[in-house]
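The values are calculated or read from the model by the stated rules, or taken from the named source; none is laboratory data. Being a predicted model, the structure only gives us computed values, none of them experimental. We place every Cβ from the backbone using ideal geometry, glycine too, and count neighbours over all the protein chains shown.
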Amino acid sequence: KAGVTQTPRYLIKTRGQQVTLSCSPISGHRSVSWYQQTPGQGLQFLFEYFSETQRNKGNFPGRFSGRQFSNSRSEMNVSTLELGDSALYLCASTPGQGPYEQYFGPGTRLTVT
Amino acid sequence: GQQVMQIPQYQHVQEGEDFTTYCNSSTTLSNIQWYKQRPGGHPVFLIQLVKSGEVKKQKRLTFQFGEAKKNSSLHITATQTTDVGTYFCAGYHEKLTFGTGTRLTIIP
């Protein structure tokens, strides 16, 4: 099976712009979670989607949003970018909701200037 | 909300020495998972522990889940350069929460 794919792999944006990141889970996986990783903060949970519904949400401002499509692919959007949004954004897929092992994609490295 | 802390944050060891990272949760967990992230890579699942007091081994790695299901540890015996990376625990209680991670560097 192909692994989790994320596009784009690298992105440079300026403050105030918005960005959309994409994640394609492993075939058959229906749950997708998003994480933000920065050197000082580790892995911070953004949100989890299952069957096109947001099931859990982390402690991030409303500028961060996401959605999941019927084919389980997911996108996350960050509006009004700030310098502090520079990070590696990782998505992970699991077969369903619950304590499954997370299969991570390679991530999207976002740099905000 | 649920918090999962790991110590130490960084660990530098001579090749061949042992290494241990500890994970503590503010809540009782259903299970705990461990991941390894190599430099420049993404987290990769290592193992999951479910039972109170459970101990599992993978070659030189030993994973332990505390009796109260609120703490866990990962011990590596005789570290090798291939062990370099950041080790994360992730505790599950209604949702998965990752620990702060321990970055292991090896001095050859």
Count - residues of the stretch B:22-36 that are assigned to a strand (DSSP E or B), closer than 22 Å to A:Asn59 by Cβ and touching a Phe, Trp or Tyr at 6+ places or on another chain (Cβ under 7 Å): 3
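Could you tell me whether the stretch A:98-107 includes any residue that is assigned to a strand (DSSP E or B) and either touching a residue at least 60 places away in the same chain (Cβ under 8 Å) or more than 14 Å from chain B (Cβ to nearest Cβ) (or both)?
Start the filter on the stretch A:98-107 by keeping residues that are assigned to a strand (DSSP E or B), which leaves A:103-104.
Right, trim to either touching a residue at least 60 places away in the same chain (Cβ under 8 Å) or more than 14 Å from chain B (Cβ to nearest Cβ) (or both) and you get A:103-104.
The answer is yes, given that some residue of the stretch A:98-107 is assigned to a strand (DSSP E or B) and either touching a residue at least 60 places away in the same chain (Cβ under 8 Å) or more than 14 Å from chain B (Cβ to nearest Cβ) (or both).
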Filtered residues of the stretch B:22-53 (kept if surrounded by fewer than 16 Cβ atoms within 10 Å (Cβ to Cβ) and closer than 19 Å to B:Ile106 by Cα): B:Arg38, B:Pro39, B:Gly40, B:Gly41
Within the stretch B:8-21, tally of residues that are surrounded by fewer than 18 Cβ atoms within 10 Å (Cβ to Cβ), in a strand (DSSP E or B) and either within 13 Å of chain A (Cβ to nearest Cβ) or hydroxyl-bearing (Ser, Thr, Tyr) (or both): 2
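Just checking, how many residues over the stretch A:31-69 are among the hydrophobic types (A, V, I, L, M, F, W, C), farther than 20 Å from A:Gly96 by Cα and at the interface with another protein chain (Cβ under 9 Å from one of its Cβ atoms)? Spell out the reasoning first.
If we filter the stretch A:31-69 for residues that are among the hydrophobic types (A, V, I, L, M, F, W, C), which is where we start, we get A:32, A:34, A:43, A:45-47, A:50, A:60, A:64, A:69.
If we keep only those that are farther than 20 Å from A:Gly96 by Cα too, we end up with A:43, A:60, A:64.
Next, from what is left, pick out any that are at the interface with another protein chain (Cβ under 9 Å from one of its Cβ atoms): A:43.
Residues that pass the stated criteria total 1.
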Residue in the stretch A:59-78 that is surrounded by fewer than 14 Cβ atoms within 10 Å (Cβ to Cβ), modelled with pLDDT of 95 or more, acidic (Asp, Glu) and on the phi < 0 side of the Ramachandran plot present: no
